[in-house]
1. Just add up the charged neighbours of Arg32: K/R +1, D/E -1, any other residue whose Cβ is under 14 Å from the Cβ of Arg32.
2. Count neighbours as other Cβ atoms within 10 Å of each site's Cβ, and list the trypsin sites (Lys or Arg not before Pro) in the range 8-51 that are DSSP loop with at most 12 such neighbours.
3. Within the chain, which DSSP H helices have Cα atoms that stretch 20 Å or more along the helix axis and a mean Kyte-Doolittle hydropathy of at least 1.0?
4. Could you tell me which chymotrypsin sites (Phe, Trp or Tyr not before Pro) in the range 1-62 are loop residues by DSSP with no more than 13 other beta carbons within 10 angstrom of their beta carbon?
5. What does the charge dipole of the chain about its Cα centre add up to, to the nearest 20 debye, if the Cβ of each Lys and Arg holds +1 and the Cβ of each Asp and Glu holds -1?
6. Per-residue ellipticity at 222 nm for the chain, helices alone: DSSP H runs ≥ 4 residues times -39500 (n - 2.57), over residue total, nearest 500 deg cm²/dmol?
7. Considering only DSSP states other than H, G, I, E and B, which GluC sites (Glu not before Pro) in the range 5-47 qualify as loop sites with at most 14 other Cβ atoms within 10 Å?
8. Can you report the principal axis dimensions of the chain using only the alpha carbons, biggest first, rounded to whole angstrom?
Amino acid sequence: MSAADAPQELVVDGPLADELERRGVHVHAGDRVQLQLVSEPERTDEQSAAWNAFVGSFTSNEPDLAERSEEILRAELGR
């Protein structure tokens, strides 16, 4: 692990608190947190095929729903 990969300690400001809350991380402005970037594991062909078969077409008023669909499903399914 390089220094760039190590967790970074931050003091949460308002915009970061809002973004973390939107992603299900409950924090308040002024909290001290450690954040670390981790890479997403590679999907197997079988996992990709299952995901593509599961996701269908739909419309929504939420502007970033397409980008957030996997995140939402993982949260709902407890993964």
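1. -3
2. Numbers: sites: Arg22, Arg23, Arg32, Arg43; in loops: Arg23, Arg43.
Those that pass, being in a loop and sparsely packed, are Arg23, Arg43.
3. Membrane-span-like by this rule: not one helix.
4. Details: sites: Trp51, Phe54, Phe58; in loops: Phe58.
Taking the range 1-62 and a limit of 13 other Cβ atoms within 10 Å, the loop chymotrypsin sites (Phe, Trp or Tyr not before Pro) found are Phe58.
5. That gives the chain a dipole magnitude of about 160 debye.
6. Taken over the chain, the calculation gives -12000 deg cm²/dmol.
7. Numbers: sites: Glu9, Glu19, Glu21, Glu42, Glu46; in loops: Glu42.
Those satisfying the criteria are Glu42.
8. 42, 36, 20
Every number here is computed from the coordinates shown, using simple stated rules; none is lab data. In this text the structure is predicted, and so the values were computed from the model without any measurement. Ideal geometry is used to build each Cβ from the backbone, glycine not excepted, and the neighbour counts take in all protein chains shown.
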